[in-house]
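To start, the structure under review is shown below, and the notes come after it.
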Amino acid sequence: QVQLVESGGGLVQAGGSLRLSCAASGNIFSINSMGWHRQAPGKQRELVAAMTSGGSTDYADSAKGRFTISREYAKNTVYLQMNSLKPEDTAVYYCSAQGVFTGWGPRHGYWGQGTQVTVSS
């Protein structure tokens with residue numbers, strides 16, 4: 001069983017910073033990609049940033065220049081450093097791990113439970 005546990009969400013004023021962390025645990029041999037998505041009330045879940053096992057990154061246009069994704073591969077952990085936060089960044093942020101290989105069978109994707117980020121104006 002693979003679990004993703006997020007931390008670091010909270011309330012911050014516009015212009016402030018937050019750092020989200022997500023640790024994947026369980027019988028994990030490898031993970032293709034880890035990333036962050038977010039979902040604001042009344043909106044669809046959207047990609048914020050993702051990082052492959054090879055170090056390639058993908059960012060939403062809204063995140064470019066303000067957010068930085070990083071991974072600690074040995075710890076199966078992914079981080080999202082968010083700077084210059086705006087009220088429109090307010091959402092539940094979900095960690096994802098895609099292409100997880102547990103030693104047998106096909107690869108699977110997993111999601112964390114989500115962490116609330118609220119940016120006040």
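When S56, S17 are screened for being open to solvent by less than 70 Å² (accessible area, probe 1.4 Å), modelled with pLDDT of 95 or more and hydroxyl-bearing (S, T, Y), only S17 passes. The set of residues from region 93-111 being more than 18 Å from T52 (Cβ to Cβ) and either out of contact with any His (no Cβ under 9 Å at 6 or more places or on another chain) or in a loop (DSSP other than H, G, I, E, B) (or both) comprises T102, G103, W104, G105, P106. Restricting region 30-53 to residues that are touching a residue at least 12 places away in the same chain (Cβ under 8 Å) and of a type in the set (S, T, N, Q) leaves a set whose member that is farthest from V92 (Cα to Cα) is S30.
Taking the condition among the charged types (D, E, K, R), assigned to a strand (DSSP E or B) and touching a residue at least 40 places away in the same chain (Cβ under 8 Å), does R71 pass? No, not satisfied. Within region 20-32, being farther than 15 Å from T115 by Cα, part of a strand (DSSP E or B) and open to solvent by 30 Å² or more (accessible area, probe 1.4 Å) holds for S25, S30, N32.
What pairs come up if the first residue lies in region 1-29 and is without any contact (Cβ under 8 Å) to a residue 60 or more places away in the chain, the second is surrounded by fewer than 16 Cβ atoms within 10 Å (Cβ to Cβ) and of a type in the set (S, T, Y), and their beta carbons are under 6 Å apart, counting only those six or more places apart or on different chains? Pairs found: S21/S7. Residues in region 1-14 that are over 14 Å from L80 (Cα atoms), open to solvent by 40 Å² or more (accessible area, probe 1.4 Å) and assigned to a strand (DSSP E or B): Q3, L11, Q13.
Is there a residue being of a type in the set (S, T, Y), in contact with a Leu (Cβ under 8 Å, 6 or more places away or on another chain) and modelled with pLDDT of 95 or more anywhere in region 96-104? Yes; the residues of region 96-104 include at least one that is of a type in the set (S, T, Y), in contact with a Leu (Cβ under 8 Å, 6 or more places away or on another chain) and modelled with pLDDT of 95 or more. One residue stands out in region 73-121 among those that are buried (at least 20 other Cβ atoms within 10 Å of the Cβ) and over 22 Å from G10 (Cβ atoms): the one that is farthest from the chain's Cα centre (by Cα), namely V100.
The values are calculated or read from the model by the stated rules, or taken from the named source; none is laboratory data. Keep in mind it's a predicted model, so treat the numbers as computed, not measured. Backbone-built Cβ (ideal geometry, glycine too); neighbour counts: all protein chains shown. These area figures cover heavy atoms from the full protein model, side chains too; ligands, DNA and RNA do not enter into them. Shrake-Rupley method; radii C 1.70, N 1.55, O 1.52, S 1.80 Å.
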